[in-house]
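A quick write-up on the structure given underneath.
Any read-out appearing in this document is the output of simple, stated calculations on the displayed coordinates, not a laboratory observation. Model, not experiment: these values are computed from the prediction. Every residue, glycine among them, receives a Cβ derived from its backbone with ideal geometry; neighbour counts consider all protein chains shown.
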C-alpha cells in the first residue's frame with residue numbers, strides 16, 4: 001500500500017497524473033516516429049564515433065606511441081579519461097541503490113536514465129582500459145587464466161588486478177540491476193504495441209512479464225538485495241580505482257585520503273552528468289511534470305555536499321603535505337599549485353570547489369539554466385582534477401634531468417572523442433527505444449505523492465481522519 | 001501432458017487501495033483467488049493473499065558465501081601453492097590483499113545467482129508468452145483472476161462478491177491449463 005505522506009511534502013509528480021497518463025507520457029517517445037531533433041543528435045554522435053574509431057584504429061595499429069606520452073609521463077589522458085568516466089558512472093547506482101535503501105522516493109523518476117548513463121559511462125571507462133594496454137588483443141592476460149607459461153597467475157597483490165575485478169563486477173551488476181528494473185516496463189510497452197515488429201521485439205525483451213503478485217513480491221526482494229549489494233559495490237569501485245594511485249610511492253598519489261576523496265568526487269561528477277542529461281531529456285521529451293524543479297534542487301544539494309567534501313579533501317592534502325614534513329610530498333603539492341600546470345590546478349579549484357558553492361543560493365539551485373551550466377562546469381572541473389593528480393605528480397620526476405611537460409596529440413583527442421561517441425550513441429538509442437522513466441515505480445509513488453492528492457489533502461487538512469482514507473484515485477474526483 | 005480448459009472470472013479494479021482491501025473481502029467470502037496482477041508492486045498484497053515470504057534473500061546469501069569461498073580458495077591456491085612468486089620478499093598468502101577481489105566476487109556471484117534464481121522460479125525467460133487475463137494489467141488496472149473450476153461457489157455468486165468488493169468490471173476468460 002502506498003504510504004501516508006504528510007501534506008507539507010512537495011508532490012513528486014505534478015499535473016494531476018493518473019496511472020494511464022504515466023504510461024501514455026513515457027511510452028509516447030518509444031512508440032512514435034523518431035523526431036528530427038533526435039535524428040540530428042544521433043547523427044552527431046555517430047560522427048563523433050566515426051572520428052573516434054579512426055583514432056582507435058591508429059592507437060591499435062601504431063600503438064600508444066601515437067599519444068603524447070613520454071619517458072616520464074607514462075599515464076596521462078588515458079587514465080585521466082578512465083577515472084573521469086568511472087566517476088561519472090557512480091551516480092546511477094547511487095541513485096538506484098543507496099537512495100532506495102534510504103527510501104528516497106524522488107529517485108523513481110530519475111533512476112532509469114541515471115542507471116543507463118552509469119552503464120554507458122563504465123563502458124567508456126573500459127574502452128580506455130583496453131586502449132591503454134597497447135596490445136589490446138592480449139587484454140585477457142589481466143584475468144587469472146591457465147596459460148602455457150607455467151601456469152603463472154596474475155598478481156593478486158596488485159591494485160590493477162583488483163581494478164579488473166571491480167570494474168567488470170560493477171558493470172555486470174549494474175547492467176543486471178538496470179535490466180531487472182526494465183522488465184515490467186517492457187511488458188507495458190509490449191501490451192500496448194501496435195506494430196508486429198515492436199510486439200515481437202518487446203515481447204522477447206520483457207521475458208513474459210505478467211505482473212502477478214507473486215512475481216512482484218520476488219521482484220521487490222531482488223531489488224532490495226541488489227540495492228544492498230550495489231551500495232558497498234559502488235563505494236568499493238572508486239576506492240579500488242583510487243588504490244591504483246594510493247598504493248604507489250609517487251608523491252601526490254601516496255595518500256590515505258584517496259578512497260573517500262575519490263568516492264565523493266565520483267558522486268559529485270556523476271550527479272553533474274545526470275543533471276546535464278536529464279535537463280535536456282526533460283526538455284526534449286516534455287517530462288517536466290515527472291522530473292520537477294524539486295528533483296533538480298535535491299540533486300543540486302547532493303552536489304553541494306559532495307563538492308564540499310572534495311574541497312575539504314583538496315585542502316587536507318595540502319595540509320598533510322606540509323605537516324608530514326616529507327620534502328617530496330611538499331614539493332609535489334607546491335608544484336601543483338604554482339608550477340607550470342598552475343592553470344590546470346586553478347581550473348580544478350574554481351570548477352569543483354568555488355563555483356558549486358553558488359548552489360547555496362536557492363534561486364540558482366532551482367534554476368534550470370544555472371544548473372545546466374554549473375553541471376557542465378563541474379564535469380570540466382572533475383576532468384581537470386584527474387589530470388592534475390596524474391600529470392602533475394608524474395611530470396617532475398626524482399631526477400631533474402627527466403623533468404618534462406606533457407602535451408596531447410591529435411590521437412589523444414580523438415580517443416577521448418571516441419568515448420563521447422560511444423556514450424551518446426548508446427544514450428540516444430536508449431532514449432528512443434526504452435522508457436526513460438521507470439513507469440512502474442512512478443506509478444507506485446503516484447497515489448501518495450501526486451499533486452492531485454496533495455491538493456485534496458490540503459483542503460481536508462482540518463480533519464486529520466482524512467489522512468488515512470484517501471480518495472479513490474483513478475476516478476475523477478472534483 | 002493433457003490440457004484442460006478452465007473458465008476464469010476476471011475482476012478489474014482501478015485503485016491500489018481498493019484491490020488491496022478487496023482481496024481480504026473476496027477471500028473472506030470463501031472465494032479462492034488464482035492470482036492478482038498489478039502494474040506496479042503493492043506493499044502488503046502478498047500478505048493479504050497469504051503468500052509466504054520470498055526465500056530469494058537466502059539464495060542470495062548462499063551464492064554470496066560461495067563467491068567468498070571460491071575467491072579466497074582461488075587466490076590462496078594460485079599465489080600460495082600452485083605458483084608462488086617472490087614479490088619483495090613478502091608472504092605468498094597475503095590475506096589483506098585478497099580482500100578486494102574476494103569482495104567483488106562475493107557481490108558478483110550473489111547478484112548473478114539471485115537474479116538467475118529469480119528468473120527461473122518466476123518462469124521468466126526471453127520470448128516467453130505471458131498469460132494475461134487482461135492486457136490492461138501492465139497499464140493502469142488491477143486484475144484479480146478466480147479459477148471457477150477450483151471454487152465451489154457459482155459464477156453468479158463470485159461475480160457478486162467481486163462486484164461488492166469494488167471491481168469495476170467482471171469478465172470471463174477461458175484459459176488452457178495443464179491438467
> With labels modelled as points extended 7 Å from the Cα through the Cβ direction, what inter-label distance (nm, one decimal) is found for residue A:301 paired with residue A:350?
Replying inline: 3.1
> Per the Kirkwood definition applied to all pairs of different Cα atoms, how many angstroms is the hydrodynamic radius of chain B?
Replying inline: 20.2
> By how many nm would the segment from residue A:320 to residue A:140 lengthen if fully extended, with 0.36 nm per residue of separation less the alpha-carbon distance?
Replying inline: 60.9 nm
> Of the listed peptides A:142-152, A:418-428, B:135-145, what is their order by residue-averaged count of other C-beta atoms within 10 Å, with the highest listed first?
Replying inline: B:135-145, A:418-428, A:142-152
>> Give me the inter-chain shielding for A:159-172: mean count of other chain Cβ atoms within 10 Å, whole number please.
In response: 4
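Kindly identify the stretch A:170-239 as rounded, prolate or oblate by the Cα gyration tensor criterion: order the square roots of the eigenvalues as a ≥ b ≥ c, call it rounded if a/c is under 1.5, otherwise compare a/b with b/c, prolate if a/b is larger, else oblate.
Values: a/c = 4.46, a/b = 1.89, b/c = 2.36.
Because a/c hits 1.5 or more and a/b fails to exceed b/c, the stretch A:170-239 counts as oblate.
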> Once the piece of chain linking residue B:91 and residue B:174 is laid out straight, how much longer is it, given 0.36 nm per residue of separation minus the C-alpha distance between them?
Replying inline: 22.9 nm
>> To make sure I understand, if each residue's beta carbon is the centre and we count other beta carbons within 10 Å, what order do A:191, B:17 fall in, fewest to most?
In response: B:17, A:191
> At q = 0.11, 0.17 Å⁻¹, what is the log10 ratio I(q)/I(0) for the stretch A:212-360, with the Debye formula run over Cα points and no solvent?
Replying inline: -0.60, -1.09
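Most exposed first by the Cβ proxy, i.e. fewest other Cβ within 10 Å, how do A:309, A:225, A:40, B:65 rank? Intermediate values should be presented prior to the final figure.
Values: A:309 16, A:225 22, A:40 10, B:65 13.
Ordered by Cβ neighbours within 10 Å, fewest first: A:40, B:65, A:309, A:225.
Take the eigenvalues of the Cα gyration tensor for the protein assembly as shown, scale each by 5, and report the square roots as semi-axes in whole Å, largest first. Don't skip to the answer; put the middle values down first.
On the way: eigenvalues 494, 169, 103 Å².
Largest first, the protein assembly as shown gives 50, 29, 23 Å.
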> Once you average over the residues of A:227-234, how many Cβ atoms of partner chains fall within 10 Å of each Cβ?
Replying inline: 3
> Using the Cα gyration tensor of the stretch A:223-287, with a ≥ b ≥ c the square roots of its eigenvalues, what is the shape: rounded (a/c below 1.5), prolate (a/b larger than b/c) or oblate (neither)?
Replying inline: oblate
> Against the longest principal axis of chain A, how steep is helix A:19-31, in degrees 0 to 90 to the nearest 10, with axes from Cα atoms?
Replying inline: 50
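How big is the shadow of the Cα convex hull of the stretch A:320-363, averaged over all directions, in nm²?
3.8
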> To the nearest 10 degrees, how steep is helix A:410-433 against the longest Cα principal axis of chain A, on a 0 to 90 scale?
Replying inline: 10
> With labels modelled as points extended 7 Å from the Cα through the Cβ direction, what inter-label distance (nm, one decimal) is found for residue A:47 paired with residue B:82?
Replying inline: 5.1
>> Place a point 7 Å from Cα of residue A:197 in the direction of its Cβ. Which residues in the stretch A:30-47 have their backbone N less than 20 Å from it?
In response: A:30-43, A:46
> How long is the gain from residue A:361 to residue A:54 if the chain were fully straight, where each residue apart is worth 0.36 nm and the alpha carbon distance is subtracted?
Replying inline: 106.0 nm
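Taking a ≥ b ≥ c as the square roots of the eigenvalues of the Cα gyration tensor of the stretch A:51-200, is the shape rounded (a/c under 1.5), prolate (a/b larger than b/c) or oblate? Walk me through the numbers before you get to the answer.
Details: a/c = 1.97, a/b = 1.82, b/c = 1.08.
Prolate is the answer for the stretch A:51-200, as a/c is 1.5 or above and a/b outweighs b/c.
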> In deg cm²/dmol, rounded to 500, what helix-only [θ] at 222 nm does chain A give when every DSSP H run of at least 4 residues adds -39500 (n - 2.57) and the total is split over its residues?
Replying inline: -21000 deg cm²/dmol
>> For the stretch A:1-108, place one equal point scatterer on every Cα, skip the solvent, and apply the Debye formula. What is log10 of I(q)/I(0) at q = 0.17, 0.19 Å⁻¹?
In response: -1.09, -1.17
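Can you compute the FRET efficiency between residue A:410 and residue B:123 using 1/(1 + (r/R0)^6), with r the Cβ-Cβ distance and R0 = 60 Å? Round to the nearest 0.05. Don't skip to the end; give the middle numbers.
Details: r = 54 Å, r/R0 = 0.90.
Step by step, r from the Cβ atoms, then E = 0.65.
If you average 1/r over every pair of different alpha-carbon atoms in the stretch A:345-452 and take one over that average, what Kirkwood value in Å do you get?
Values: mean 1/r = 0.0549 Å⁻¹.
After inverting the pairwise mean of 1/r, the radius is 18.2 Å.
What is the projected area of the convex hull of the Cα atoms of the stretch A:70-136, averaged over all directions, in nm²? Each step should come with its number before you reach the end.
Values: hull surface 21.2 nm².
Over every viewing direction, the Cα hull of the stretch A:70-136 projects on average to 5.3 nm².
For the stretch B:56-121, compute Rh as the Kirkwood radius over C-alpha pairs and then the Stokes-Einstein diffusion coefficient at 4 °C and 1.567 mPa s; write the answer in µm²/s, rounded to an integer.
On the way: Rh = 12.8 Å.
So the translational diffusion coefficient is about 101 µm²/s.
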> Could you work out the helix-only [θ] at 222 nm for chain B, with each DSSP H run of four or more residues adding -39,500 (n - 2.57) and the total divided by the number of residues, to the nearest 500 deg cm²/dmol?
Replying inline: -13500 deg cm²/dmol
> When only Cα pairs under 8 Å and 6 or more residues apart are kept, what is the percent relative contact order across chain B?
Replying inline: 56
>> So if I take the centroid of the Cα atoms in the stretch A:81-134 and the same for the stretch B:120-166, what is the distance between those two points in Å?
In response: 38
>> I'd like the distance between the alpha-carbon centres of the stretch A:390-414 and the stretch B:37-110, rounded to an integer number of Å.
In response: 41
> Using the alpha-carbon atoms, what tilt in degrees (0 to 90, nearest 10) does helix B:155-164 show relative to the longest principal axis of chain B?
Replying inline: 70
> What nm value, rounded to one decimal, do you get for the distance between residue A:399 and residue B:131 when each label is placed 7 Å out toward the C-beta?
Replying inline: 7.7
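Which order do B:62, A:278 fall in if you start with the one that has the fewest other Cβ atoms within 10 Å? Please report the intermediate quantities before stating the final value.
Details: B:62 15, A:278 24.
Ranking B:62, A:278 by Cβ neighbours within 10 Å, fewest first, gives B:62, A:278.
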